[in-house]
1. Exceeding 24 Å between C-alpha atoms, which entries from my cross-link table qualify? They are K181/K347; K214/K344; K83/K347; K181/K277; K83/K363; K277/K300.
2. In square angstrom, what is the accessible area per residue of the stretch 292-356 with a 1.4 angstrom probe?
3. For the stretch 265-304, what % of the accessible area comes from carbon and sulfur atoms, probe 1.4 Å?
4. Take the chain, compute every pairwise Cα distance, and split them into 10 Å bins from 0; I just need the percent in each bin.
5. Mind listing the phi-derived Karplus ³J(HN,Hα) values for the stretch 296-307, rounded to whole Hz, using 6.51, -1.76 and 1.60 with θ = phi - 60°, and x for any glycine or proline?
6. Expressed as an acute angle from 0 to 90° and rounded to the nearest 10, what is the orientation of the C-alpha long axis of helix 158-184 relative to the principal long axis of the chain?
7. Would you calculate, for the chain, the mean residue ellipticity at 222 nm contributed by helices, counting each DSSP H stretch of 4 or more residues as -39,500 (n - 2.57) and dividing by all residues, to the nearest 500?
8. Write out the GluC sites (Glu not before Pro) in the stretch 31-135 meeting two conditions: DSSP loop, and at most 14 other Cβ atoms within 10 Å of their Cβ.
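The values are calculated or read from the model by the stated rules, or taken from the named source; none is laboratory data. For clarity, every value in this text was computed on a predicted model and none was experimentally measured. Glycine gets a Cβ as well: all are built from the backbone with ideal geometry, and neighbour counts include every protein chain shown. Note: areas computed on protein heavy atoms with side chains; ligands, DNA, RNA excluded. Shrake-Rupley method; radii C 1.70, N 1.55, O 1.52, S 1.80 Å.
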Amino acid sequence: MAKKTATLTLNIDDETKCMDLPIYSGTVGPDVIDVGSLLSEGLFTYDPGFMATSACRSSITYIDGGKGTLMHRGYPIEQLAQKSSFVELCYLLLFGELPDGQQYTHFESRIRNHTMVHDQINNFFKGFRRDAHPMSILCGVVGGLAAFYHDHMDITVKEDREISAIRLIAKMPTIAAMSYKYNIGQPFNYPRNDLSYSENFLYMMFSNPCEEYKLNPVCAKAMDRIFMLHADHEQNASTSTVRMAGSTGANPFACISAGIAALWGPAHGGANEAVLKMLDEIGDASEENIQHFIDRAKDKNDPYRLMGFGHRVYSSFDPRARVMKETCDEVLTELGMADEPQLKIAKRLEQIALEDDYFIERKLYPNVDFYSGIILKAMGIPTNMFTVIFAVSRTVGWISHWHEMLSDSYKLGRPRQLYVGSSQRDYRSKK
Ligand code: SDX
């Protein structure tokens, strides 16, 4: 029972009516007002972009945009990034608690033993042009996985949901690496069971039959850190897409394919690829050159935006951007690329923007995408694979929210609208 209520006074058509709306409080963060009873008064709420609308209750991730904090199941992202691993974070996101030794070993081996894809899936790739964007391949192939796993696809059965989650987390790196190999015309690499999750991904990406692949532990650690920093972010656009698709009863592979499609947009997960294109376009770190692009981003008449800057929720630094910037310095120093021009441009751009009133007034700070692309590029990953890597990581977040929703009571998602079209009129042909 709600402890607090909001009293709404409606003054409509000279009639005044008061309604008590329940207020619910979470563990932390803003209270929410249950507006469901407005329907009985023939009223809808109106909140395009869902700026102030909670679509669900969740215990997976909490973000405080004002303080710039992010925690997964209560653990701050900074601590997880320093002390945990991506596979352990997958367990935490899916099941709600950190695993003990035995639980971790069992979970990790389940992931490891599901990394291969059915050999028929290799034929999917042949239908794409070689220059197909790997995100388009990922959308298609992941949706197609539903054709292979009917044995455990009853979404009302917890164990079926868990095996689908394991399969998706395990197979995403394999499919992602296959899309890269298909793009460059090299043979696919099968996953290896003697490598960690992140080592395996880099192996499948860069190994070729002509020489022994040497793993770089710095790159493997950076890859694992990047996977951790992108794993989940509460009700972002792609996660909300997965929840919406899941609310119809669609199978988990179709839901994740929908999430991949939503992530692809440059306002969301496509920003990391767009940041590198922006840094390439800026070209040099000279003050006047950078100022020219900042002025364009500030110009109301110019749709140009600083990619990797700003966030719907963070009105301060994205905590992931801080960790990503440290990782960027570590990796580029380790690889002898500390003077990488794009890193210098990025740092200068950040410095100038953060001192500019336009960005200060709008509370626009670097987000998770601002530095990630520089690290990925330094590791030899092409820009068209950046959002694919974001999708590989975010799959655990998507499927954890899907699993949480189906484990709780939920309703089919079906928003309403403010209709501003023609009133009723009779048909008269104009031909
Ligand atoms: C991700 O939701 C999540 O959690 C997402 C994510 C996740 O982990 O899932 O964190 C991942 O998507 C990060 C965001 C990546 N996108 C980009 O870096 C693209 C560039 N950023 C912007 O497009 C923008 O900041 C958004 C889309 C991220 C947020 O935009 P909002 O909240 O809709 O805010 P807005 O567009 O209404 O902007 C408010 C003002 C506007 O100016 P005014 O109309 O007030 O004069 O800020 C300006 C905007 O023009 N503005 C920018 C800007 N971002 C906002 N101006 C220049 N450059 C920018 N990047």
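1. Values: K181/K347 32 Å; K214/K344 29 Å; K83/K347 27 Å; K181/K277 22 Å; K83/K363 30 Å; K277/K300 21 Å.
Violating the 24 Å limit, Cα to Cα: K181/K347; K214/K344; K83/K347; K83/K363.
2. Numbers: 3280 Å² over 65 residues.
Result: 50 Å² of accessible area for each residue.
3. Details: 1060 of 2050 Å².
Solvent-exposed carbon and sulfur of the stretch 265-304 make up 51 percent of the total.
4. Reading the bins upward from 0: 4, 19, 29, 24, 15, 6, 2, 0, 0.
5. 5, 5, 7, 6, 4, 8, 10, x, 4, 10, 6, 5
6. Roughly 50 degrees between the two axes.
7. Values: 17 runs with 208 residues, N = 431.
Calculated at 222 nm, the ellipticity per residue is -15000 deg cm²/dmol.
8. On the way: sites: E41, E78, E88, E97, E108; in loops: E97.
Passing both the DSSP loop test and the Cβ count: E97.
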